[in-house]
Structure formats: C-alpha cells, structure tokens
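Presented below is the structure to which this report refers.
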Amino acid sequence: MLEVRGEVYMRRADFEALNEKQREKIAQGAKGEKTFVNPRNAAAGGVRQLDPAIAAQRRLSFLPMAWETSRRPSRVVRASKPITSC
C-alpha cells in the first residue's frame, strides 16, 4: 500500500479564470453563484465537493510532501474512476 500526503492548491492564474467564469454565470442570472475570496478557499471547496464533476471543473494542483509504504495487509479503497483533474 502507498500513502501519499501533501497539499492541494490552486494557482493564481487558475483562480482568476475560475472567478471570471463565476462572474459570467452571475451576469447571466445564475442563482446561488458567487466569486471566491482567495485561491485557498476555492481549492478547499473544490476538494470537499460531493459531485466529482464540479470538483473536476476546478484546476487544482497537488504538491506531494511525504509518502509511506506498507507491506502489511490492509483494506485498500480504490477509486471508481481515475483522478484526472489534479
């Protein structure tokens, strides 16, 4: 088993592009849409999305900081689809 730890973040250019899309939705009259205050909040919100399609729309990056391997038998949880948005 391989466990990778790190940080998910949003680059400034990706943050600006996301907010521009949000402003366009708001201008078109979409209800419940808002712009984001900073990239940290936008990235954290993207990770917590229950709908993977919404999370995939955000350009998130991942910075690995540590990893650990284990040969002990353990329960392995597999994603139903590959993660391609990070």
If you take the residues of region 1-50 that are of a type in the set (Lys, Arg) and modelled with pLDDT under 90, which of them is nearest to the chain's Cα centre (by Cα)? Arg48
Restricting to region 1-39, what's the tally of residues that are of a type in the set (D, E, K, R), within 15 Å of Leu63 (Cβ to Cβ) and surrounded by 13 or more Cβ atoms within 10 Å (Cβ to Cβ)? 2
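The values are calculated or read from the model by the stated rules, or taken from the named source; none is laboratory data. Because the structure is a prediction, the values reported are computed rather than measured. Please note: Cβ atoms are built from the backbone with ideal geometry, for glycine as well, and neighbour counts cover all protein chains shown.
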